[in-house]
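A short write-up of the structure that comes next.
Bear in mind these aren't lab numbers, they're just calculated from the coordinates by the rules spelled out. Since this is a predicted model, take the numbers as computed values, not measurements. Cβ atoms come from the backbone with ideal geometry, glycine included; neighbour counts cover every protein chain shown.
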Amino acid sequence: MHWSATLALLLLSAQNEPATAKIATIAPFVGEEVMAILHMDLAAIDVERDVKAMLGGLADDRDIQQGLPVMAQTLNALRQTGAGDAYLLVDPLELPGVPTIVMPAARDPNALREILAGLLAKAGPPVAVEVVRGAVVAGSPESVKRLHQPQPVRKGLVQALAAAGDAPLAAVLLPSDAQRRALEEAVPELPRELGGGSIAPFSEGLQWAVATIRTRPTVEFHLLAQASDAKSAEQMHALINRLLDAIPQLVPPGSAPEALTQRLARLRPELKGDQLVLRLDAEEAVAMIVEPVTAARQAARRAQSSNNLKQIGLAMHNFHDVHGSFPPAYLKTKDGKPGLSWRVAILPYIEQAELYHEFKLDEPWDSPHNKALIEKMPSVYADPASQVAAEGKTVYLAPRGDATLLRGAEGVRIREIVDGTSLTIMVVQANDTHAVPWTKPDDWEVGDRPTLDAVTGLYPGGFNTLFGDGSVRFLKDTIHLDVLKALLTRNGGEVINIDALD
């Protein structure tokens, strides 16, 4: 039977489920290689309202606020071509590449094709964008070529898409027989920590699953999993509950927010005949979105901060190679007073030689000439979690004291670091309260008894630290102050187990 006739019969036989034109349009594009389908109703999405509803207070984050106008502008451009829906077809074998995109029934498909091609131009690997059966499709050249041939309607596809209803955001899981076999071959038995046993309740019992997110009138998350029969649903239900019970033991401490771990462990789908159903109210739904997003953003910012410090460390060593010592803590003015920070001294070694030559090196940092250069702070000095970087302030400070690595107007040579470069702190990531204009010769004055007041608070649990060998470690805010003091000195002779700091 022709694919269109098969689809028509399935639509007509779907009892109490809307047989929409949307399903008829997307179904011929879904081949056996597709495991998941993500759907966005472009007409129903209001970027600012929906982001605020789903992210709550996190929507006020500086980076998110900066991205909202771009998102809204892109969405409006797509709508102006007549595009109403966007589908992402996920083939596991093509990950982590760009999923195949299908946007059907545009009023001006050529204009939509040009917009989509522009958006994907920077995606990395070559992406093909074509018009196929009235829809604009994009993806790898191989995947787009496959889409020219209409596919037979997948078993369960119509029911899964119909179950999503009119939700503006939906995700469908629809494993093929080949993907089920691959799962069984890769994971024939569950780990002992999960009670062992066969993976069959999932690989054989799950027919499809659909998750939806709605934002009006309030945020609501709905998950529906369809099993092959009631017995399979019972087996899936028992297995899921075992998985949820094991979450607190399986998640290493500190690898995920404790509140999120506890929320996941409390999730309990309801067994209804041959289906599993899970609904989250507004509070739970927002928390399930916000907590992992917040954790991911914190991890990404912390990683970028670490990378910034690594670049600073490399610049410090390159400076040493040229001058025979690390940079002094400050450059002196013509009358011998502290003038400009070490952060200015290493500019040629962070690819900022042109900016370096703009400074009057024998003038103080706040002379009329030099002060005008503060706004040109290189990005390597801007910590992504800092709220004052836009003011030309940095939280990357050198510990300052008689025995620290950066001590004053004279640079320290590596052979003077008796304690070892891997055991001597060079630069720390402080907090915004102690941030300084990046050109100002101010740093962290550690004194005889250093505390953690200056370095904690920007990231949960601790602070990034650059050591004299160029390595970066995240020191916990529970570090003993005697150990911290020992790490700050270059020649104290203390015995420290550096591995114990991680």
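Numerical summary
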{"quantity": "Top positive-direction residue, dipole computed over the range 109-188 with Cβ charges, set VAL144, GLY165, GLN179", "calculated": "VAL144"}
{"quantity": "Length released on extending from ASP166 to GLU185, taking residue separation times 0.36 nm less the Cα-Cα span", "calculated": "3.2 nm"}
{"quantity": "Helix 282-323 axis, angle to the chain major axis (alpha carbon atoms, nearest 10°)", "calculated": "40"}
{"quantity": "Peptides 32-41, 67-76, 173-182 ordered by average Cβ neighbours within 10 Å, highest first", "calculated": "32-41, 173-182, 67-76"}
{"quantity": "CD proxy at 222 nm, helix term only [per DSSP H run n ≥ 4: -39500 (n - 2.57); per residue of the chain; nearest 500]", "calculated": "-11000 deg cm²/dmol"}
{"quantity": "Length released on extending from LEU93 to ASN307, taking residue separation times 0.36 nm less the Cα-Cα span", "calculated": "74.0 nm"}
{"quantity": "Flagged links, alpha-carbon separation over 31 Å, of LYS360/LYS476; LYS337/LYS393; LYS310/LYS360", "calculated": "LYS360/LYS476"}
{"quantity": "Net dipole in debye of the chain [+1 Lys, Arg Cβ; -1 Asp, Glu Cβ; about Cα centre; nearest 20]", "calculated": "520"}
{"quantity": "GLU375/ASP63 FRET efficiency (R0 22 Å; Cβ-Cβ; nearest 0.05)", "calculated": "0.60"}
